[in-house]
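Colleague: Before we start, here is the structure in question, set down as C-alpha cells.
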Amino acid sequence: MWATMRQLPFLVAVMMGLVQCNDQVEGAGHCPDLFTDVEGTCYYFSSDMGIEATWNDSLAACKELGDGLGHMNVGLAELGTSSCGCATPDIKLMETVSAKGAHVWLGASDANHDGIWIWQESQQQLHLENSMWDNIEPNGGTDENCLIATVWSGYHNRPLLNDYPCTYTWSYVCQLF
Ligand SMILES: [Ca+2]
Ligand SMILES: [Ca+2]
C-alpha cells in the first residue's frame, strides 16, 4: 500500500507526459522534430520540405531553426568534426544526402581567402586534399566560394564536394552542434 502511494506522483507525472522514457532520450528520438539522427548527430534536410535557398539564406535558415528550438546551436552541416575523429559519420551523412537525391549546401566557404575553405561553425579548415572533393574541384576561383555536395557526381553512393556560386539556390543540410 505504501509503495503504491509513493509511486502515485510518478505515475501521474508519466500520464501527464512530464517524465520521458529512456528510449526517447537516448534512442532514435533524441533529435528535435524534423531532424534525423545520422551516426549520433542530428541533421535537418531541407529537401524533405522541398525548400531551396542561397548559401547565405541557408545559413540563416539553420540559425532560425536553432532559435526556434530554444536557441540551440544549429548551423550548416560540416564534415570532419565528428567526436570519433573518423570518416564513417561523414560517409553516412553523404549516403543519406545521396538517397534523398538533392544537391545540398554545406557549411564551408572560401569567400575570405580564395582556396582556404573554412567551416563556419567550427572554424576548422576543409583541406583541398580531402578525398570528398570531386575530380578537378574546386575550380571556380573567386566566382565560386560556397560548398555544395552534388549528387550527380555520386561515387560509391555518396555525393562529392564542389565549389559553387553562393547565389544559386539549392537544398541544404543543417546540423545540431
Ligand atoms: Ca573560391
Ligand atoms: Ca566548382
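The values are calculated or read from the model by the stated rules, or taken from the named source; none is laboratory data. Since the structure is predicted, the reported quantities are computational estimates derived from the model, not experimental observations. Using ideal geometry, Cβ is built from the backbone for each residue, glycine included, and neighbour counts are taken over all protein chains shown.
Colleague: Give just the number: which of (1) more than 12 Å from the chain's Cα centre (by Cα); (2) more than 16 Å from ligand 1 (Cβ to nearest atom) does Gln120 not satisfy?
Modeller: (2)
Colleague: Here is a list of conditions, (1) at pLDDT below 95; (2) under 13 Å from the mean Cα position of the chain (by Cα); (3) within 16 Å of ligand 2 (Cβ to nearest atom), and Asp134 meets all of them except one; can you say which number that is?
Modeller: Result: Asp134 fails condition (2) only.
Colleague: Of the conditions (1) at pLDDT 95 or above; (2) within 15 Å of ligand 2 (Cβ to nearest atom); (3) surrounded by 15 or more Cβ atoms within 10 Å (Cβ to Cβ), Val173 fails just one. Which one is it?
Modeller: (2)
Colleague: Return the residues of the stretch 136-145 that are surrounded by fewer than 19 Cβ atoms within 10 Å (Cβ to Cβ), in contact (Cβ under 8 Å) with a residue 24 or more places away in the chain and assigned to a loop (DSSP other than H, G, I, E, B); say none if nothing qualifies.
Modeller: Those that are surrounded by fewer than 19 Cβ atoms within 10 Å (Cβ to Cβ), in contact (Cβ under 8 Å) with a residue 24 or more places away in the chain and assigned to a loop (DSSP other than H, G, I, E, B): Asn139, Gly140.
Colleague: Going through the stretch 71-121 one residue at a time, which ones are away from ligand 2 (no atom under 16 Å from the Cβ), over 20 Å from Asp37 (Cβ atoms) and not in a loop (DSSP other than H, G, I, E, B)?
Modeller: Ile118, Trp119
Colleague: Is it the case that the stretch 124-140 has a residue that's more than 16 Å from ligand 1 (Cβ to nearest atom) and either basic (Lys, Arg) or closer than 17 Å to Trp55 by Cβ (or both)?
Modeller: So far as the stretch 124-140 goes, no, none of its residues is more than 16 Å from ligand 1 (Cβ to nearest atom) and either basic (Lys, Arg) or closer than 17 Å to Trp55 by Cβ (or both).
Colleague: Just give me the residues in the stretch 137-155 being of a type outside the set (D, E, K, R) and within 11 Å of ligand 2 (Cβ to nearest atom), in sequence order.
Modeller: Pro138, Asn139, Gly140, Gly141, Asn145, Cys146, Leu147, Ile148, Thr150, Ser153
Colleague: So which residues in the stretch 118-177 are in contact with a strand residue (DSSP E or B) (Cβ under 6 Å, 6 or more places away or on another chain) and charged (D, E, K, R), if there are any at all?
Modeller: Answer for the stretch 118-177, where residues must be in contact with a strand residue (DSSP E or B) (Cβ under 6 Å, 6 or more places away or on another chain) and charged (D, E, K, R): Glu121, Asp134, Glu137, Glu144.
Colleague: Applying the selection to the stretch 100-133, what residues are without any contact (Cβ under 8 Å) to a residue 24 or more places away in the chain, more than 22 Å from Ala60 (Cβ to Cβ) and of a type outside the set (Ser, Thr, Tyr)?
Modeller: Across the stretch 100-133, the qualifying residues are His113, Gly115, Ile116, Gln125, His127, Leu128, Glu129.
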